[in-house]
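Comments concern the structure below.
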Amino acid sequence: MANAIYVDEQLLHEAEQILETIGLDASVVTKMALKRVVRDGSISFLVADVPKIEVQTPVEPVVPVPVGVENGRITKSAAVNLFRRDGIYTNNNVTFASKNKAGNYYWANPLFDALKQDWYLILNDWMKKEIHLFKIPAQAIKASALVSRSDNEEKIDLQIAYNDATYTDGRSKVSFAPYHIKSISY
């Protein structure tokens, strides 16, 4: 079992911003660096005298489009990374739902098991280019309070109204507003 490595949060945040622009994350870079240490048998590649290339800053700063955001669309992974960039970390129990094209709601079908541990819900408003993060603590919502899909009773039939400040599920009438953590534009 590997020992945990603790990293300065500010340093990690700054590095992740740079790495995100090239499509990498800190865990991938860490693995690459460790493989290089093993291959070379040293860390000389980290401390060697390398000439520094001067880069001129453009007159107008270019804001990089986060990896996973294309043509106004965002992926679940990119949404999680945008919240991470703001210092909000999720577990692997994340449901991602975009505004439905044909209706005014966000639709998702997570397993009822999601309620047994801290559950993160991300609603993607692709029209306004905003994502909304909710953290529902374990057991905060009872399974009996939500409605299951008619064809699969292991899954929740979640239909949260679009443009509703209470983020209410139209099927169960459960409001997710108390669990709202943050909204971010992309």
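Every read-out reported here was derived from the displayed coordinates using simple, explicitly stated rules and does not represent laboratory data. None of these values were measured; they are calculated from a predicted model. All Cβ positions, glycine included, derive from the backbone under ideal geometry; neighbour counts span all protein chains shown.
In the set (1) in contact with an Asp or Glu (Cβ under 9 Å, 6 or more places away or on another chain); (2) assigned to a loop (DSSP other than H, G, I, E, B); (3) surrounded by fewer than 16 Cβ atoms within 10 Å (Cβ to Cβ), the condition left unmet by D113 is number (2).
Of the residues S183, S172, the single one that is more than 22 Å from T90 (Cβ to Cβ), free of Cβ contacts under 8 Å to residues at least 60 places away in the same chain and among the small types (G, A, S) is S172. Among the numbered conditions (1) farther than 30 Å from A15 by Cβ; (2) assigned to a loop (DSSP other than H, G, I, E, B), the only one that T90 does not meet is (1). Being among the β-branched types (V, I, T) and assigned to a loop (DSSP other than H, G, I, E, B) is the filter here, so list the residues in region 159-185 that pass it. Matches in region 159-185: T166, V174.
To keep it simple, each residue is scored yes or no on (1) more than 22 Å from L82 (Cα to Cα); (2) aliphatic (A, V, I, L, M).
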| position | (1), (2) |
| --- | --- |
| Y106 | no, no |
| F112 | yes, no |
| D118 | no, no |
| M127 | no, yes |
| K173 | yes, no |
| K182 | no, no |
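Just a yes or no: is a residue in region 90-108 surrounded by fewer than 13 Cβ atoms within 10 Å (Cβ to Cβ), closer than 27 Å to Q17 by Cβ and without any contact (Cβ under 8 Å) to a residue 12 or more places away in the chain? Yes, some residue in region 90-108 is surrounded by fewer than 13 Cβ atoms within 10 Å (Cβ to Cβ), closer than 27 Å to Q17 by Cβ and without any contact (Cβ under 8 Å) to a residue 12 or more places away in the chain. Taken together, the residues in region 170-186 that are among the hydroxyl-bearing types (S, T, Y) and surrounded by 14 or more Cβ atoms within 10 Å (Cβ to Cβ) amount to 4.
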